[in-house]
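Structure first, then comments.
The values are calculated or read from the model by the stated rules, or taken from the named source; none is laboratory data. None of the values given here were measured: they were computed from a predicted structure. Here Cβ is always computed from backbone atoms with ideal geometry, including for glycine, and neighbour counts include all displayed protein chains.
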Amino acid sequence: MDYRKIITIEAGKRSGKPCVRGMRITVTDVLEYLAGGMSVPAILADFPELTEEDIRACLAFAADRERRLAVVGG
């Protein structure tokens, strides 16, 4: 998945953290909901502006970031 079309980074928004489609919902927010046990349908019900593709983009972004950290730290 090409998350770059969904995950945006703007200096003045949420302190420059990666956000979903320019909204104020960060990748970290979505990952923390998932890690806390929220299901995708529950997240979508609480945040109707999000889509399943947005959630997959957050996961792809995190996986890519992890992969890059492993290369730099390796």
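Before moving on, here are some points about what is shown:
- Here G37 passes the criteria (1) assigned to a loop (DSSP other than H, G, I, E, B); (2) within 11 Å of the chain's Cα centre (by Cα) except the one numbered (2).
- Residue count, region 1-15 (criterion: touching a Lys or Arg at 6+ places or on another chain (Cβ under 7 Å) and assigned to a loop (DSSP other than H, G, I, E, B)): 3
- Qualifying residues in region 18-34 (those that are within 10 Å of the chain's Cα centre (by Cα) and without any contact (Cβ under 8 Å) to a residue 24 or more places away in the chain) - the one surrounded by the most Cβ atoms within 10 Å (Cβ to Cβ): C19
- Here the condition is being buried (at least 17 other Cβ atoms within 10 Å of the Cβ) and in a helix (DSSP H, G or I); of A45, A62, it holds for A62 alone.
- Some residue of region 17-25 being of a type outside the set (A, V, I, L, M), part of a helix (DSSP H, G or I) and modelled with pLDDT of 95 or more: no
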